[in-house]
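Each remark here refers to the structure printed beneath this line.
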Amino acid sequence: RQELDLYLNVRPALCLSDRLCPLRGRSASDIDFVILRENTEGGYGGSTRWRSPGESDEVAVHEATHSRPRIERTLRAAFELASNRRCPRLTLADKSNAIDAHRLWRDVFEELSEHWPDVDADAMYADTVAHELIRDPAGFEVIVPPNMLGDILSDIGAALQGGLGVAPSANLHPGRVSLFEPVHGSAPRLAGKGLGNPVASLLSTAMMLEQLGCSEPGSALRTAVQDTIASGVATPDLGGEANTDQVGTAVIERLLAAKE
């Protein structure tokens, strides 16, 4: 991500079925938001220094950098995304009450909000966002956090939509090369066992198709995945009894049927 300068990490949280919604009294329609995470600096982009390694007074110092140019390009993309949502709402999630460097995020956020008067822009502390995602996820459209906070909040988003097995993501640099992958990564412990859920990979592929301008195939793939889950064909992590190949085959069959 850093070497390719893929500064936008897009992690949609869209619940595909009421059956997957983990919240009592809520339905899939309540969970439809996007976390747009800065992807190249902050808590995951700094350097670490060690003092007295191996000693009783050992200290590790990690430097997290937040730069105005990188913050601004991320926030501009977030405002643009929010302005195109069904409800133009953008939430900045930071910890400026405890981390002074995050005040720069607030400053740039307030400056840019004047250029998008149509967007309902609000800044919240990240722990409050985590609380509200569980209490009332329907209140969010686009959430934009610094790198490390975005990683944590997007795992909450994955849980709300059914788990890491259904959570896709995109790493973007608009106009340049991009990378699409499941939020869960490679899951090497499941390799060759037929237990891996292919849904997150399939939905990441749908995101890739849409990013490449192939919106119709991307939408068709997403619909086929949703219909497969609704039919009850799912891997054990979603309460089903199918293996990886069986879920993939079911999605392919629905794609082919839709073309006839």
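Quick notes
- With the simple model of a label 7 Å out from the Cα in the direction of the Cβ, residue 260 to residue 187 spans 3.0 nm.
- Among the trypsin sites (Lys or Arg not before Pro) in the stretch 29-133, those placed in a DSSP loop whose Cβ has at most 12 other Cβ atoms within 10 Å are 86.
- Sorting 32, 118 by accessible area puts them as 118, 32; the probe is 1.4 Å, largest comes first, and only protein heavy atoms count.
- Atom-type composition of the exposed protein surface of the stretch 156-205 places 62 percent of the accessible area on carbon and sulfur (1.4 angstrom probe).
- Contour excess over end-to-end distance, with Cα ends at residue 49 and residue 243 and 0.36 nm allotted per residue: 65.3 nm
- Interatomic Cα distance distribution for the stretch 1-109, bins of 5 angstrom, percent: 2, 10, 15, 17, 15, 13, 11, 8, 4, 3, 1, 0
- Highest mean packing first, where packing is the average number of other Cβ atoms within 10 Å per residue, the peptides 231-242, 153-164 line up as 153-164, 231-242.
- Which labelled figure in (1) 1.00; (2) 0.94; (3) 1.53 is Rg/Rh (Cα atoms, Kirkwood Rh), once derived from the coordinates: (1)
- Counting only DSSP beta bridges with both residues in the chain, the antiparallel share comes to about 65 percent.
- Residue ranking by accessible heavy-atom surface, 1.4 Å probe, largest first, among 177, 61 comes out as 177, 61.
- The string of couplings for the stretch 228-237 from the Karplus curve (6.51, -1.76, 1.60, θ = phi - 60°) is 5, 5, 4, 6, x, 7, 7, 7, x, 5 Hz, one whole number per residue in order, with x for Gly and Pro.
- Loop-resident sites, the stretch 62-135, for GluC sites (Glu not before Pro), counting at most 12 other Cβ within 10 Å (DSSP): 63, 114
- Heavy-atom accessible area ranking, 1.4 Å probe, most first, across 102, 66: 66, 102
- FRET efficiency for residue 83 and residue 179, using Cβ-Cβ distance with R0 set to 25 Å, rounded to 0.05: 0.50
- Fully extending the segment from residue 138 to residue 62 would add 23.8 nm, taking 0.36 nm per residue of separation and subtracting the current Cα-Cα distance.
- FRET efficiency, residue 18 to residue 252 (Cβ-Cβ, R0 22 Å, nearest 0.05): 0.35
The values are calculated or read from the model by the stated rules, or taken from the named source; none is laboratory data. Everything quoted here is computed from the prediction, not taken from an experiment. Here Cβ is always computed from backbone atoms with ideal geometry, including for glycine, and neighbour counts include all displayed protein chains. Surface areas here come from the heavy atoms of the whole protein model, side chains and all, with no ligands, DNA or RNA. Shrake-Rupley method; radii C 1.70, N 1.55, O 1.52, S 1.80 Å.
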